[in-house]
Amino acid sequence: PEGPANPDGPTEPETPLDPDAEESEIAAPSKVMDFTFGVRKDTTITLKWTKNVSADGYVVEQYKGGKWKTIKTIDKNTTVSYKVKGLKASKTYKFRIRAYKIDGNNKLYSSYATKSVKTLPSKVKKFAYKKRTKNSITLKWKKNKSADGYVIQQYKGGKWKTIKTIKKNKYYFQLTEE
């Protein structure tokens, strides 16, 4: 089922599975708590939440094309994560989740918990040195359209150290030894 067009829209009332069903005396489940993200990559995000003991399952929705769309219905309250696939690098996505409880022919819903999260930029490709001299090396890579900049690190003294942060999408760097 699709929700309201407003990404922060109101929750929908309980949805009866049978329109002639009697009203339920069981309360709707409580709102999903600790809704956040776990592993975040360039094309996937894993959503996480705390188990809702008053629910039978969860409905995960994504805001796409100006409206909310159900991307997964989870029929166990013990499942507390969902991996969203097929996303684009460096884009912000909005998700929401609500718990549900089945009472006979009625499905009772909690209010929504909402989260926005941005995917990571895609990996740097064709990273190599362009030119090397006795005192310097020029590094080059393919321009990454999903990046706003780059962090150049050097492994020295048993650990990685940042030696340069490039804030523009420039795709080369010269390192000179002092």
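Worth a mention:
- Pairwise centroid distance, computed over Cα atoms, of the stretch 94-125 with the stretch 26-57, Å: 7
- Computed with a 1.4 Å probe over protein heavy atoms only, the accessible surface of the stretch 62-177 comes to 67 Å² per residue.
- Distance violations [Cα-Cα > 31 Å] among LYS83/LYS126; LYS41/LYS134; LYS41/LYS72; LYS72/LYS140; LYS72/LYS164; LYS94/LYS167: LYS41/LYS134; LYS72/LYS140; LYS72/LYS164
The values are calculated or read from the model by the stated rules, or taken from the named source; none is laboratory data. All of these numbers come straight from a predicted model, not from anything done at the bench. Calculation scope for accessible area: heavy atoms of the full protein, side chains included, ligands and nucleic acids excluded. Shrake-Rupley method; radii C 1.70, N 1.55, O 1.52, S 1.80 Å.
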